[in-house]
Amino acid sequence: MITLASDFGSPYPAAMKGVICQRSDARIEDIAHDFPRQDVRTAAFWLTQTLPYFPPAVHCVVVDPGVGTGRDAVVVRAGDHALVGPDNGVLLPVARELADEFEAFTWAYDDPASTTFHGRDVFAPAAATVHDAGVDAVESLDATAPTTEFVDLRFPDPTVTDDRAVGEVLVVDDFGNAVTNIPGDAVTDAVGGSVLVNGESVPVRQAYATLDHGQRLVTVGSHGNVELAVNRGRGDDAFGVGVGDSVTVAW
């Protein structure tokens with residue numbers, strides 16, 4: 001199986017699929033192609049929430065603001081999975097979710113047909129080659145070379161004390177839920193009560209619909225982190241926060 005994820009929208013992913021189909025009989029599954037454009041960190045976060053649910057596969061990820069420059073192409077082997085994409089950190093958080101340890105390899109490629117579409121000309125062919133060779137054979141491919149020099153990406157850690165947690169908004173999903181890096185267990189004891197979010201009292205609930213329409217709440221999302229939400233509304237607007245903004249939750 002080969003999965004595809006990008007910020008391309010449409011129809012660019014179809015060209016990538018065509019390239020793969022010419023080179024491999026692999027089953028192709030789409031993760032998403034509507035990641036925020038050039039937003040490496042947001043894509044990296046959502047990959048940690050999706051790829052671990054897949055069986056072993058080759059995952060081709062192209063969120064690539066540096067396309068056409070001297071940035072490397074990399075293959076990351078994480079357990080029974082391989083990740084193919086640009087060396088900008090987008091693959092690293094999910095690699096750590098997929099396996100306790102990972103190995104990185106640079107991927108050598110000839111001058112592509114386009115300097116603006118490496119998804120089609122570099123990464124799709126690489127994904128097909130890795131898939132057909134097998135994840136265990138990555139280091140034996142002519143195009144790969146082991147490396148310890150790669151762009152790393154780590155999500156910031158929150159600060160949690162006895163009476164508060166200080167973190168930031170990592171992503172905002174399509175519902176407007178502002179997902180923070182604060183662990184959900186920071187608010188477990190407050191479920192059914194309330195906490196202070198940036199100084200304002202907000203109820204803590206396990207489900208959105210336990211409150212009236214339009215009411216703000218703090219909850220723990222499926223990702224296990226604290227999120228700021230509104231029942232049938234947008235949490236980012238109601239709390240006045242966006243990606244990267246600081247959030248303090250006190251109890």
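If the Cβ limit is 7 Å and pairs must be 6+ apart or interchain, which residue in region 110-129 that is over 16 Å from Asp87 (Cα atoms) and of a type in the set (A, V, I, L, M) pairs with which residue that is open to solvent by less than 20 Å² (accessible area, probe 1.4 Å) and assigned to a helix (DSSP H, G or I)?
From region 110-129, the pairs are Ala128/Ile20.
Looking at Ser246, is it under 25 Å from the mean Cα position of the chain (by Cα), exposed (fewer than 14 other Cβ atoms within 10 Å of the Cβ) and not β-branched (Val, Ile, Thr)?
In short, yes.
Which residue, of Val218, Val226, Val247, is part of a strand (DSSP E or B), in contact with a Lys or Arg (Cβ under 9 Å, 6 or more places away or on another chain) and closer than 17 Å to Ala165 by Cβ?
Val218
Restricting region 77-100 to residues that are under 14 Å from Val135 (Cβ atoms) and free of Cβ contacts under 8 Å to residues at least 40 places away in the same chain, which is most open to solvent (accessible area, probe 1.4 Å)?
Only one residue fits best here, namely Gly79.
Does Leu170 satisfy the condition of being under 30 Å from Asp25 (Cβ atoms) and in contact (Cβ under 8 Å) with a residue 24 or more places away in the chain?
no
Evaluate the following for His213: is it in contact with a helix residue (DSSP H, G or I) (Cβ under 7 Å, 6 or more places away or on another chain) and surrounded by fewer than 21 Cβ atoms within 10 Å (Cβ to Cβ)?
No, not satisfied.
Going by the structure shown, is Ser201 loosely packed, with under 14 Cβ neighbours inside 10 Å, at negative phi and within 28 Å of the chain's Cα centre (by Cα)?
Answer is no for this residue.
Evaluate region 56-63: report whether one residue or more is over 17 Å from Thr129 (Cβ atoms) and open to solvent by 20 Å² or more (accessible area, probe 1.4 Å).
No; the residues of region 56-63 include none that is over 17 Å from Thr129 (Cβ atoms) and open to solvent by 20 Å² or more (accessible area, probe 1.4 Å).
When you go through Gln22, Gln38, Gln49 one by one, which is the residue that is open to solvent by 20 Å² or more (accessible area, probe 1.4 Å), farther than 24 Å from Asn181 by Cα and not β-branched (Val, Ile, Thr)?
Checking each option against the conditions leaves just Gln22.
Can you give me the ranges of the strands (runs of 3 or more DSSP E) entirely in region 138-194 with at least 2 residues that are surrounded by 15 or more Cβ atoms within 10 Å (Cβ to Cβ) and under 23 Å from the mean Cα position of the chain (by Cα)?
164-172, 178-183
Using the structure shown, decide if Gly9 is modelled with pLDDT of 95 or more, at positive phi and open to solvent by 40 Å² or more (accessible area, probe 1.4 Å).
Spelling it out, it is not the case that Gly9 is modelled with pLDDT of 95 or more, at positive phi and open to solvent by 40 Å² or more (accessible area, probe 1.4 Å).
The values are calculated or read from the model by the stated rules, or taken from the named source; none is laboratory data. Just so you know, these numbers come straight off a predicted model, no measurement behind them. Positions of Cβ are backbone-derived with ideal geometry, glycine not excepted, and every protein chain shown enters the neighbour counts. These area figures cover heavy atoms from the full protein model, side chains too; ligands, DNA and RNA do not enter into them. Shrake-Rupley method; radii C 1.70, N 1.55, O 1.52, S 1.80 Å.
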